[in-house]
Every structure is written in C-alpha cells, then in structure tokens.
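Following: one structure in structure tokens, then a few remarks.
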Amino acid sequence: MSKPRIAFFDFASCEGCQLEAINFVEEFLVLLGHVDIVQFREAITEAEWDIDVSFVEGSITREQDIPRLKEIRENSKVVIALGACACTGGVNAIKNTRPLEDVRADVYGDKKDWFPTFPTRPIDQVVKVDGYIYGCPIDRNDFLKNVQLILQGKKTLRHNDPVCVECRLAEIECLLTLGKPCMGPITRGGCGAIDPSYGHPCTGCRGLVDDPNENAAMDVLAEHGLTVEDIRSYMTIFNSFRPEDIQ
Amino acid sequence: MKKNIDIHVHHVTRVEGHGDVLLNVKDGKVEHVALNIVEAPRFFEGMLRGRAHYEIREIVSRICGICACGHALASIRASEAALGVEPSEQVIDLRKIVLAGENLSSHFLHIFFLVAPDLFGVKSVLPLASTHRDIVVRALKLKKLGNDVSDVIVGRHVHPITMDIKGFTALPTVSALRDVQKQIIEMIPEVIDTVDLIASVADRIPDFKRETEYVSLGPIEGSNEYPFYDGIIKSSEGLTYYPAEYRKVTNEFITPDSTAKHCKHLRDSYMVGALARFNNNSDLLRPEAKAAAEKLGMIAPVHNPYMITVAQLIETVHIMYDTVDIIDKIIRRGILDEDYSYQPRAGTGSGAVEVPRGILFHHYTYDSKGRMENADCVIPTTQNLENIDQDFRKLAPMILDKPEEDISLLLQMLVRAYDPCISCSTHQLNVRFK
C-alpha cells in the first residue's frame, strides 16, 4: 500500500500551527515514515497535486483566496481545517466587527483601494471541510491524536465538552473565582486546559461548544465583578465570526 | 548577446509567508526586478481599537507564529512605557530567556530548514533525512531546544501563555530552570559542530557585496551587553535614537506591488536583523561567539547579505552561553514571589526589541481606562523589504550571463537569506484614529 500523500497550505494566519506540527522531534520523524509530504511551502520547494489529506491553516479574507482554496479542495480527498483561523476565523475575524472601509483606511490611508479585502470567514464557509483541529495554536497531543484518526479514515475529535471539564479534572483553581475573565465554561476542550494550568484565563481560542449558553456565561462572569463591556470584548478575541457577516 | 529574461517565481518557498520574485530583462537590460509581497493583509489595527490593556499582547502575539514571543515582548514594553509600569529585575531576566529561546529556535529553523538545502543542493530538508540523517536530527533537536527554553518560562512558545504586562501569571521552578540549563549546556557541542559544518560549505554561499545602512539596538550607556531586550536605536551611519523616536528611522512608505510597507532612513534603504546586529555590536559578543566568527571568516562590517545566515549562527553561540549565565543569576537570587498587579492610566509609549529578523517597534496610546486609542507597529521584514529590492537591482545585472535557473535560484536565495517573515510584515498595526 502506498503512503498517504499529505500537504500543508496556508491563508491569512501566522503559520504557527504548521510550525507546531514540526515542533516535536521524534513524533515528526515517525510521521515522516508513514506519509509523503507533497506540498509544504514553508518548509519544502517540491509541489505536487493529487493529495490524500490537505491541512489548511488560515482564514479566507479576500476574493483571490477563493479559487485557490477550491483548487486545493478539488485536488484533495480530505480537507482538514488546521487551527483557529481556519476553523472559526480566529483573531482575523475581529476586523468584521468594524466597517471594512474604516479598517482599510486605518492601515493604508488614501491608498486603501490598492488592497482589497472582504469579511473574514473560516474555510468551511467556502468549501466542504472534512475535519477540524482546533486551537490557537493547535495542541500538539490533540494534533497527533487527530492525525492518527484521519489516516485511519475516521472523523476528527469534536471536543464538545467545555474547557472547564478538563480544568476540574486537573484540579486547577477556578480563575473565575479570582475575578479573571475566563472563557472556559463555553469553549471547546481538548487542550488539557493549558491556559488555566498556567494561571492564565482561557481566551476561547478553540471556538465555542455547540449551542453555547453565552448569556449564562456572561452572568457568571458578571457575578465575578467584570463589566459587560469587558466580557463582550474578551469573548470576541477569538469568536467574532458570525455567518451573517458574509451574507 | 542581448538577452530577454522573464522570471516570475510564484510564492517563494522556504520562507514564512507569500512573496513573488519578478525579473524582466529586455535586450540585456534589467527592466524590473522586485520581491512582491502578495500575502493577504490581516488588518490587525481594527483588532486593537478600544481593546483593554490586558488583551493587547494576547492579540498581537498572533501576528506571527515564529516571533510570537518577540511581538508579545515589544507589546508589553510599549504598554509598560505607556502605563507607567516598571517590571522587576527578575521579570526582565526571565523575559531575556524567553527572547533567547525564540531567537535560537528561529535561527536554527532558518539555518537548517530554509537555507541549508540550498547549500547542499537539494530542494528541502526532507531528502537530507535519508542522506544526512544526523544533521536533520541535530536540526530538529536544536530547534526544539529553542522552544523548550521559551516554554519553561511562558508555557508555550507559539503563543506564549504566562507573559503579561509587569509580570507573569505563573513562574518557573528552580528545578525546571536547572533542567533547561542542562539541556543548553549539553547542546553547545552540537552548535559548535554546526559552526564547523557551515564553515565547510561557506564557499557555496554566493559572493555579493552591497554596502548599506545597518540598524539595530545598540547598548544603553554603561552596558556591555549585546542588546536584544534593552537598548537604544543605533545606525551604522553613526546616529542613535531613543525607542520613542523610532519613526525618525523607519519613515514608512507604501508601494502598489506590496501589501507590506517599505522603510528608509539615511540611504536608499537599510538592513535590520542578525547581520545588522553583528555589524553594529560584534565587539560585545561573548568570546565563544567571537571565536565562531573568526572560524567563519566574519569580520565586521560584512556587506554580503547572503551572510545573514552566518551571523545568525554566530548569535546562537552567544545566546547559548549567555542564557546559561542568566539562568545562574536567577537561581542564585531564588524565585521571588512578587506582586504583578498594576493600575491602568492614560499614556503613550514605545517598545523596541531585537527579534530574530531584526528590530521590532510597537507604539501605543491608551486612554484613562487603559483602552487602546492608537497603535503602530513596525516589523523587521517591512524595514528590510526596500533593502532586498536594492540588493536585487545591484545583483541582477551582475548575473545575467548565467542560465535562467541559476539566476532565479540566486534571487530566491537572497530572499531566503533575509529570512523574511512575510505574515508579520503585512500585519500592520498602523492605526491613526481620527
């Protein structure tokens, strides 16, 4: 049996998720023994199509990204959204919360028309996506678990239990009780509650659980002394994208 | 022979982000040569407006996966200057380790994964995994070491967790610091071997010189530290500035070919990064790094931009030894439990930090509630872009007699030498709110 042909692509992003993928030595070398990497612009010059699994990092932020993403979809048996930017729009979607003309003028002044852009969207708003690896950045262990599942033709992990569940299991002191704006109650788990384990509130980078009770979460945060303005702001660092932004 | 050449390298590989190399030659004359930045702009400015002081570094570290800690640090320094917050000596020492880890990790990634394949005549590091497995294993180990050094302080290099304005949300234990110090000491011979390895293939580094202006941090008065975290702005033309005066140096301008801005100071362009730091501050390197420089034939000032990679390698030697000493200092002092709370206030401030690709500026204005009114950020690659174009204009006419494939490779190798961080360069923060 020939080895699966995998590829990495990126759109608007920091490329940190691809870097995380090569940030573990032994596992990466083991992985190399099981797959052929046929496209990975950041690391290799070769570029071939006919791909089994494409990992796509980044959000879609302009017209010219769409045909490129569709080409990747047409040439790949499986497309996986890699990281927050691809899964949920990530921090790139914060720009959707302001009028685009203002945003462009802020950066490029009277030259703004040279640089077209449109509201940020996750990749599944443009093409069919077969699986998601969440997080900003992706969690290494979660990535490896998911890669094993993908190579066996199985579905990626949905992680519908909030970060709080893992936090409790790890017996970490609740940051809400310390008055910190933690997104743990409504954020997808799977990261081992990494932020709270370092005394840092969860920023919601893995996206919200299915059907999150945002109002209840806001009530909990407000009970701990945070203003509505603070809470709304913190909630939108990673979770600004709304489907109606692009209709 | 009057030659016509039309080179368009779409999305140069083995660089961070998306850039195209263009060369048009008509009747033996270069009509156009440029690096065009085609990365999607991300408009970070809109993300910061009105945001609370404690959210800022969270967002800006996402500008770049390679220099996430550097962005976080420049951001924190700008915020502290604006909010009137002074970090403790312990915090500064820990931050220096974070920055050291990031510079190590990024330099090793560049040297081994992005540049070495050209020196060994292969298309990527992957074929080297079978022909030179020991080198690839060393590359991965050294890259990981850099990450581990940052991780012990900030939890995760991409993107740092614990690092905040004034302090940290969690401090490392002495035993964790000792472990990472031991790892560094164990890996020093691997770095010295790498110096010998690169010295053995140094004749494959293209010979090309173009003198330019070199801009980096310089030592603050009375300090003899090779500056990464703290310093004044220093130009090789003999001028110095305070970080808050950075706009006098950067003078950003916009070109239609590029979603990133360009910069110039006293000459047509200037260079930032490892070679600029080496040229401006090589007398402050540690003896071990000076010895490596001698082995590699590097005597400042070096005017060959292809040697940026070699300057990075010399810096890794310096950083390895220096970090061992900083950790010793922290362990001698013991980990102190300090109060990292502060009150926001209105103010304006700048932060300048040497990240892997050069000097990085963040500049913020906060209102009285500690919400962002105005932010500006000038990225190393943005500062280098004009210098790359100027190098191209000198280099291209000199190599026209070579086969087209070789011309293309030399131009791409030049781009790679600068280790451009294109995602960063288009992620401008220039906010001028009315």
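The values are calculated or read from the model by the stated rules, or taken from the named source; none is laboratory data. Just so we're clear, the structure is a prediction, and the values are computed from it rather than from any experiment. In this analysis, Cβ positions are derived from the backbone assuming ideal geometry, glycine residues included, and neighbour counts consider all displayed protein chains.
Here are some notes:
- With respect to the conditions (1) touching a Ser or Thr at 6+ places or on another chain (Cβ under 8 Å); (2) modelled with pLDDT of 90 or more; (3) crowded, with 23+ Cβ neighbours inside 10 Å, B:Arg138 falls short on a single one, namely (3).
- Breaking point among (1) closer than 26 Å to B:Asp339 by Cβ; (2) within 12 Å of chain A (Cβ to nearest Cβ); (3) not hydrophobic (A, V, I, L, M, F, W, C), for B:Lys141: (1)
- None of B:Val431, B:Val378, B:Val353 is under 30 Å from B:Ile188 (Cβ atoms) and either modelled with pLDDT of 95 or more or among the aliphatic types (A, V, I, L, M) (or both) except B:Val353.
- Test: residue in the stretch B:262-280 that is within 14 Å of another protein chain (Cβ to nearest Cβ), surrounded by 21 or more Cβ atoms within 10 Å (Cβ to Cβ) and touching a residue at least 40 places away in the same chain (Cβ under 8 Å): yes
- Restricting the search to helices (runs of 4 or more DSSP H) fully inside the stretch A:155-247 and requiring at least 1 residues that are modelled with pLDDT of 90 or more gives A:163-169, A:194-197.
- Failed condition for B:Val85, given (1) closer than 26 Å to B:Arg416 by Cα; (2) among the aliphatic types (A, V, I, L, M); (3) surrounded by fewer than 24 Cβ atoms within 10 Å (Cβ to Cβ): (1)
- Within the stretch A:30-61, the set of residues being facing chain B (nearest Cβ under 10 Å), under 15 Å from A:Asn75 (Cβ atoms) and among the polar types (S, T, N, Q) comprises just one member, A:Gln39.
- Residue in the stretch A:160-168 that is touching a residue at least 24 places away in the same chain (Cβ under 8 Å), more than 25 Å from B:Tyr340 (Cβ to Cβ) and among the aliphatic types (A, V, I, L, M) present: yes
- In the set (1) more than 8 Å from chain B (Cβ to nearest Cβ); (2) in contact (Cβ under 8 Å) with a residue 60 or more places away in the chain; (3) crowded, with 20+ Cβ neighbours inside 10 Å, A:Ile94 fails one condition alone, (1).
- Looking only at the stretch B:260-316, residues that are part of a loop (DSSP other than H, G, I, E, B) and of a type outside the set (A, V, I, L, M, F, W, C) come to 12 in all.
- Criterion: assigned to a strand (DSSP E or B), surrounded by fewer than 21 Cβ atoms within 10 Å (Cβ to Cβ) and not hydrophobic (A, V, I, L, M, F, W, C) - qualifying residue of A:Lys70, A:Lys77, A:Lys3: A:Lys77
- Candidates are the residues of the stretch B:2-59 that are on the phi > 0 side of the Ramachandran plot and more than 8 Å from chain A (Cβ to nearest Cβ); the one that is surrounded by the fewest Cβ atoms within 10 Å (Cβ to Cβ) is B:Asp27.
- When the stretch A:189-236 is limited to residues that are in contact (Cβ under 8 Å) with a residue 12 or more places away in the chain and of a type in the set (S, T, N, Q), the one that is farthest from the other protein chains (Cβ to nearest Cβ) turns out to be A:Asn213.
- Picking from residues in the stretch B:144-169 that are within 10 Å of chain A (Cβ to nearest Cβ) and more than 24 Å from B:Met320 (Cα to Cα), the one that is surrounded by the most Cβ atoms within 10 Å (Cβ to Cβ) is B:Asp164.
- When A:Ile6 is tested against (1) more than 10 Å from chain B (Cβ to nearest Cβ); (2) farther than 22 Å from A:Lys154 by Cα; (3) within 21 Å of the chain's Cα centre (by Cα); (4) not hydroxyl-bearing (Ser, Thr, Tyr), just one condition goes unmet, and that condition is (2).
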